[in-house]
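Note sheet for the following structure.
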Amino acid sequence: MTAPTDLPYRRVLLKLSGEALMGDMDYGIDPAMIGRLAREIAAVRERGVEIALVVGGGNIFRGAGLAAAGMDRVTGDQMGMLATVINALAMQDALERLDVFCRVMSAIPIHQVCEEYIRRRAVRHLEKGRVVVFAAGTGNPYFTTDSAAALRASEINADIMLKATKVDGVYDADPVTHPEARRFDRVTYDEALARKLGVMDATAIVMCRDNNIPLRIFNIYEPGNLGRVVSGEDIGTLVVRS
């Protein structure tokens, strides 16, 4: 790991959806996709950037979906949290196969397979150049992994939160069903909330706004985009206070 030079960010929080790990599959984890993501994360770390991750669990289990079908919401959300632990362990394995030191820290204590989340320990891991993967969301039901990512970004004093998605930014309408939809290069948190742009859930947006953490939404399916974003390239949509 080399020391950062002219890079704009010293510490970043990367939010990966569980769906991002599926690649072209319909379910589960695509080894080729998680391998590529691990290589891009390793390359960012090698440039001297401290990087932490929050990974969703939608490729395995989505608690809100089953809750809508009648399952107890708390039980469903707890199952979803455990799915994020599975994904975090898979990401740890992919990074360690590249000789990258990585720690999984879970909001739900599972001492046999990963560390319990402790903020000071997480920051120390980052300072030592280790990649940290935060799992199990916030440890509480009713909170999304977007909210967990915003919380962790605030706790570790991240310079920016990066939300990796399958689209290339934030639009004023769904670009799949509305080809004429306009993409924003830059938008404020308050505008995203007022116009319900679907950047993240409202709790996550407010947390980033109140802690003055810039948010960039970009397409992770385009190889090399993570490195470009960390280099300061104007990719996707930047969400800021004003």
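What follows draws every value from the coordinates through simple rules; no lab data is involved. What you see is a predicted model; the values in this text were computed from it and never measured. Cβ atoms come from the backbone with ideal geometry, glycine included; neighbour counts cover every protein chain shown.
For segment 208-242, the set of trypsin sites (Lys or Arg not before Pro) satisfying both a DSSP loop assignment and a count of at most 16 other C-beta atoms within 10 Å is given as Arg241.
Using the Cβ of Met71 as centre and a radius below 15 Å, the other residues enclosed give a net charge of 0, where K and R count +1 and D and E count -1.
If you plug the beta carbon distance of Asp26 and Glu96 into 1/(1 + (r/R0)^6) with R0 = 22 Å, you get a FRET efficiency near 0.20. Mean separation of Cα pairs under 8 Å and 6 or more residues apart, divided by the residue count, gives segment 63-142 a relative contact order of 33 percent. In this rough spin-label picture, where each label sits 7 Å from Cα along the Cβ direction, the Val113-Arg10 distance is 3.5 nm. Pick out, from Ala94, Phe184, Ile110, the residue whose Cα sits farthest towards the positive end of the charge dipole of the chain, with +1 on the Cβ of Lys and Arg and -1 on the Cβ of Asp and Glu. Comparing the listed Cα positions along the dipole, Ile110 ranks first. Restricting segment 80-155 to trypsin sites (Lys or Arg not before Pro) that sit in a DSSP loop and have at most 13 other Cβ atoms within 10 Å of their own Cβ leaves Arg97, Lys128.
Given their separation in residues at 0.36 nm each and the Cα-Cα distance between them, Asp185 and Ala173 gain 2.9 nm when the chain is fully extended.
Taking every alpha-carbon pair in segment 154-242 and binning the separations at 10 Å intervals from zero gives 17, 51, 29, 3 percent. Within the chain, what percent of beta bridges assigned by DSSP are antiparallel, to the nearest 5? Counting DSSP beta bridges with both partners in the chain, the antiparallel share is about 15 percent.
The spacing between segment 199-218 and segment 77-99, judged by their C-alpha centroids, is 24 Å.
Between Thr75 and Arg121, residue separation times 0.36 nm minus the direct Cα-Cα distance comes to 13.7 nm. Shown for segment 11-91 is the translational diffusion coefficient from the Stokes-Einstein equation, using the Kirkwood radius over Cα pairs, a temperature of 10 °C and a viscosity of 1.306 mPa s: 118 µm²/s. Distance between the 7 Å Cα→Cβ label points at Lys128 and Asp210: 3.3 nm.
Here mean projected area of the Cα convex hull in nm² was computed from the coordinates, and among (1) 13.7; (2) 14.4; (3) 12.8 the match is (3). Here the chain is treated with +1 on each Lys and Arg Cβ and -1 on each Asp and Glu Cβ, and its dipole about the Cα centre works out to around 620 debye.
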